[in-house]
């Protein structure tokens, strides 16, 4: 085997390796995208981490709402909400999302970071509170 043949085999192996790596990357990306598509019936509305491996979740399944615990030990349904509680929960979630959107718009408009926005809000509340004392 001469040098040019060896070099040709080396380039072919590197090319084949790059093709395999690219193909694996492409397929995993495609698979991940299909796994993340939201369901039409089941939605996790709110997630509150408790520690590294556990969280509390509000889950909507159709028109029913559940408070669930997710951990390494398993998944547990803590509470099923009544229709009245579910309606109140829906209203609270809508209000929270609207408030978050308003905060984002104000923060973006004023050019403030979240921390600076919160500090400015606290100062405004304190000034209002101090003004009411007089």
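The values are calculated or read from the model by the stated rules, or taken from the named source; none is laboratory data. What you see is a predicted model, and the numbers here were worked out from it, not measured in a lab. Here Cβ is always computed from backbone atoms with ideal geometry, including for glycine, and neighbour counts include all displayed protein chains.
Couple of notes before you dig in:
- Flag if residue 85 is assigned to a helix (DSSP H, G or I) and surrounded by 12 or more Cβ atoms within 10 Å (Cβ to Cβ): yes
- Where a residue in segment 47-67 is closer than 11 Å to residue 86 by Cβ and its partner, wherever it lies, is modelled with pLDDT under 90 and in a loop (DSSP other than H, G, I, E, B), with Cβ under 6 Å and at least six apart: 62/41; 65/81
- Residue within segment 112-120 that is touching a helix residue (DSSP H, G or I) at 6+ places or on another chain (Cβ under 6 Å) and either under 17 Å from residue 42 (Cα atoms) or modelled with pLDDT of 85 or more (or both) present: no
- Qualifying residue in segment 32-43 (condition: at pLDDT 90 or above and either out of contact with any helix residue (DSSP H, G or I) (no Cβ under 8 Å at 6 or more places or on another chain) or at positive phi (or both)): no
- Every test in (1) in a strand (DSSP E or B); (2) out of contact with any strand residue (DSSP E or B) (no Cβ under 6 Å at 6 or more places or on another chain); (3) within 30 Å of residue 122 (Cβ to Cβ) is passed by residue 65 save one, and that test is (3).
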